[in-house]
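Handing you this structure, nothing more for now.
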Amino acid sequence: MRSALKVLIFVLIMGTVSGGLLVGINVLTAPLISKNEELKLKASLLDVLEIPYSKYNIIDVFAGQVRVLKKGEGTFYTASDGSVAFEFKGPGLWGPISGIISFEKDLKTIRNLKIIHQEETPGLGGRIAEHDYLKQFKAKEVFPKLIFLPEGKSGNKNEVDAITGATGSSKALEKLINENVERYISVPRE
């Protein structure tokens, strides 16, 4: 009985000390984590808007060349050349997907697409974040809607290749892009 009481007291003390250390570390690192997330977002926006920068001047370049506009529930980022970008988020096949998409000033032609976070299957659906896959979106049009087709079948201005073997992830990205474009960009349909 006395031995069990000692073990219980030891566990309570160690749990309290460990919990206190974790809370302290969280409090100390939260501002740094927040700053790194801000830098990652700004660098990604500069990438999709095709504005050159270095890791040492991200904040200055962003402040000088990108204008932030709030419209309803959306935040838009505009560059001096008229291109526009916004963040998108939503469900993928296995977890959330978030990214940034930029458009030419016509607001229907994709300039760039970047996936910031995804939880799709590595080597299959996870390819949605690879540069080689994303470069096919450049100069594609989102109206009437973006369509993913089996690899090698795309040819029209609003068609892109899906990932072979990752149909679910491809369809999830297709739905995510189309829904977010519909929600954030009001362009008359032709």
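The values are calculated or read from the model by the stated rules, or taken from the named source; none is laboratory data. Since the structure is predicted, the reported quantities are computational estimates derived from the model, not experimental observations. Reconstructed Cβ throughout: ideal geometry from the backbone, glycine too, with neighbour counts over all protein chains shown.
With the requirement that a residue be surrounded by 11 or more Cβ atoms within 10 Å (Cβ to Cβ), polar (S, T, N, Q) and free of Cβ contacts under 8 Å to residues at least 12 places away in the same chain, what does segment 37-63 give you?
N57
Hey, any hits in segment 106-119 for a residue that's among the hydrophobic types (A, V, I, L, M, F, W, C), surrounded by fewer than 17 Cβ atoms within 10 Å (Cβ to Cβ) and within 17 Å of L49 (Cβ to Cβ)?
Let us first name the residues in segment 106-119 that are among the hydrophobic types (A, V, I, L, M, F, W, C), namely 107, 110, 113, 115-116.
Checking which are surrounded by fewer than 17 Cβ atoms within 10 Å (Cβ to Cβ) leaves us with 107, 116.
From the residues that got through so far, the ones that are within 17 Å of L49 (Cβ to Cβ) too are 107, 116.
Yes, because at least one residue in segment 106-119 is among the hydrophobic types (A, V, I, L, M, F, W, C), surrounded by fewer than 17 Cβ atoms within 10 Å (Cβ to Cβ) and within 17 Å of L49 (Cβ to Cβ).
Quick one: in segment 143-178, which of the residues that are farther than 20 Å from I100 by Cα and assigned to a helix (DSSP H, G or I) is modelled with the highest pLDDT?
So, considering only residues that are farther than 20 Å from I100 by Cα and assigned to a helix (DSSP H, G or I), the one modelled with the highest pLDDT is G168.
Same structure again: May I ask you to list the residues in segment 27-65 that are among the β-branched types (V, I, T) and touching a Ser or Thr at 6+ places or on another chain (Cβ under 7 Å)?
If we filter segment 27-65 for residues that are among the β-branched types (V, I, T), which is where we start, we get 27, 29, 33, 48, 51, 58-59, 61.
Listed by number, the list holds a single entry, V48.
Table: residues versus (1) under 21 Å from A139 (Cα atoms); (2) among the aliphatic types (A, V, I, L, M); (3) buried (at least 21 other Cβ atoms within 10 Å of the Cβ).
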site	(1), (2), (3)
Q65	no, no, no
F76	yes, no, no
A85	yes, yes, yes
I101	yes, yes, yes
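Restricting to segment 124-142, what's the tally of residues that are in a loop (DSSP other than H, G, I, E, B) and in contact with a helix residue (DSSP H, G or I) (Cβ under 8 Å, 6 or more places away or on another chain)?
Residues of segment 124-142 that are in a loop (DSSP other than H, G, I, E, B), as a first pass: 124, 130, 138-140, 142.
Restricting the remaining residues to those that are in contact with a helix residue (DSSP H, G or I) (Cβ under 8 Å, 6 or more places away or on another chain) gives 124, 142.
Counting residues in segment 124-142 that are in a loop (DSSP other than H, G, I, E, B) and in contact with a helix residue (DSSP H, G or I) (Cβ under 8 Å, 6 or more places away or on another chain) gives 2.
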